[in-house]
Every structure is written in structure tokens, then in C-alpha cells.
Amino acid sequence: MLNKVKSAFGGNKKIALSAMSILTSLALLGGATFAFFSDAGTSSKNVFKSGTLDMELSDSNEEDLDDVAATWGLASAPGDTFTGDLRITNTGSVDANHVELKFVNTVDEADSGPGVVATIPMDRVIEITTFGWDSDGNGSPETDLLGGVVDVNGNLIKDLDDLENQAADDFDDLLFGGTDSADHILRIAGRLHPTLAVDQHQGDSVSMDLDVTMNQDASQ
């Protein structure tokens with residue numbers, strides 16, 4: 001009987017040892033480290049840069065500049081005329097939507113002669129006969145802006161003084177369509193009025209500055 005017990009105990013011990021061996025092997029397998037392949041790369045030089053809206057102006061005297069001078073001018077007798085084109089270009093990478101215009105006049109009285117006598121300011125006798133805008137960039141001003149100019153001073157003509165004193169938003173939505181590099185023409189023509197200009201205007205002058213602003217979006 002005792003031998004049977006010992007035999008059974010011995011058998012159980014072998015089973016227990018076998019189980020422990022299996023568990024130990026599983027533990028070793030579970031903690032084992034295997035070699036796996038890998039590869040790495042880098043996405044570099046990811047530069048985030050804004051585009052540009054770059055307006056350049058040209059006239060008959062100068063080409064593609066930030067500012068130009070003497071686009072229009074007149075030094076002559078009553079009835080004589082002038083004309084000139086201001087070409088507006090966007091050389092940037094961002095499309096423009098429209099441009100705005102603002103006129104500012106500075107009147108100077110003559111230092112000698114009949115012109116020293118004060119009379120109607122000179123900017124009120126420079127009549128504007130053409131005021132056109134090329135909105136699609138085809139080189140021909142097809143939009144008549146003169147029809148929208150109000151005779152602010154009531155002298156029955158459209159003149160430089162009227163351009164300066166329009167409502168603030170009258171010239172703030174000149175469409176800039178076509179390609180972003182197309183030339184858009186602002187054409188202004190006029191004359192020294194044949195009857196409103198009198199002796200007292202001799203030697204008088206008016207200097208007109210035209211500020212042009214280009215905008216990207218219609219909300220501006």
C-alpha cells in the first residue's frame with residue numbers, strides 16, 4: 001500500500017514538474033525579444049508662405065512702378081485738351097478683385113500777373129470729358145465712370161473739383177477681372193474750359209494726386 005502511495009506521489013510529482021517546465025517555457029517565450037525590420041524617412045522643407053498682391057502703375061512716361069508722375073497735364077489756353085491712360089497691373093500671385101480711386105487737388109494761385117486776382121479755383125475750370133475704366137483687362141475702357149460723377153459745385157460741368165468731392169464710396173469698386181497680370185486702363189481726358197477759364201486764371205495751377213488702392217476681396 002505504501003509503495004502504491006509512493007508511486008502515485010512520484011507520478012504526480014513528475015506531472016507537476018512537467019507543468020512547471022511548460023509554464024517556464026511559456027514565460028520565456030513571452031519575454032523573448034524578436035528582431036523586426038523597419039525603415040524611416042523625413043518630409044522636410046515644408047514652407048508655408050503667403051502670396052502677394054503687387055500693384056504696379058504705368059503711363060506714357062513710366063513702366064511698372066509703385067508710383068508714377070505726370071500721367072495727365074495741361075499748360076495751355078482755354079479750350080485746349082488733354083488725355084492720358086493710367087495702366088494698372090497686378091504682378092503678384094493673388095488675384096485682385098477691385099481697385100479704389102481717391103482724388104486730391106492742390107490749387108496754387110499765380111505769383112504775378114492777372115492770376116494773382118482771386119477767382120473761381122482752377123480745379124473747377126478743368127473739365128473732365130472722358131473718365132473710363134477697363135474692367136476686364138482687354139485694354140479698352142468700356143465702363144463709363146463719368147456718368148456717375150455728380151456736379152458737386154453746381155457749375156454745370158464735370159470737373160477736377162467734382163472728382164475730388166464725390167461721395168467716399170463712388171470710386172471704390174472698379175472691378176479688376178481677367179487674368180491677375182492683365183493691364184487695366186483708367187482713361188481720363190478733359191480740357192481747360194473755353195468760357196469758365198478767364199484772365200484771372202492766367203498762371204494759376206492745380207496739382208491732382210490720384211491714390212489707387214488694389215483689393216483682393218469684394219468685402220474690402
Q: With all protein chains present, calculate the accessible area of T179 using a 1.4 Å probe and round the result to the nearest 10 Å².
A: 90 Å²
Q) When the chain is treated as a GNM, springs tying every alpha-carbon pair under 10 Å, which of A110, A40, A168 comes out with the largest mean-square fluctuation? A) A40
Q: Over the chain, calculate the relative contact order: mean separation of alpha carbon pairs under 8 Å at least 6 apart, over the residue count, as a percent.
A: 28 percent
Q.
Quick check on the chain: take the gyration tensor over C-alpha atoms, sort the square-rooted eigenvalues as a ≥ b ≥ c, and tell me if it's rounded (a/c under 1.5), prolate or oblate.
A. prolate
Q) Which angle from 0 to 90°, rounded to the nearest 10, does the C-alpha axis of helix 2-30 make with the longest principal axis of the chain? A) 20 degrees
Q. Using a 1.4 Å probe on the protein chains only, how many percent of the accessible area of region 67-120 belongs to carbon and sulfur?
A. 51 percent
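Charges at C-beta only: +1 for Lys and Arg, -1 for Asp and Glu. How large is the resulting dipole of region 158-220 about its Cα centre, in Debye rounded to 20?
For region 158-220, the charge dipole is close to 340 debye.
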Q: Determine, for the chain, the count of lysine pairs separated by eight or more sequence positions (or lying on different chains) whose alpha-carbon distance falls under 21 Å.
A: 4
Q.
Quick check: Cα centre of region 182-209 to Cα centre of region 52-92, how many Å?
A. 15 Å
(Q) Given a 1.4 angstrom probe, what's the average accessible area per residue across the chain, in square angstrom? (A) 63 Å²
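The values are calculated or read from the model by the stated rules, or taken from the named source; none is laboratory data. All values derive from a computational prediction rather than experimental measurement. Here the Cβ is made from the backbone with ideal geometry for all residues, glycine too, and neighbour counts use every protein chain on show. The area values use the complete protein model at the heavy-atom level, side chains included, leaving out ligands, DNA and RNA. Shrake-Rupley method; radii C 1.70, N 1.55, O 1.52, S 1.80 Å.
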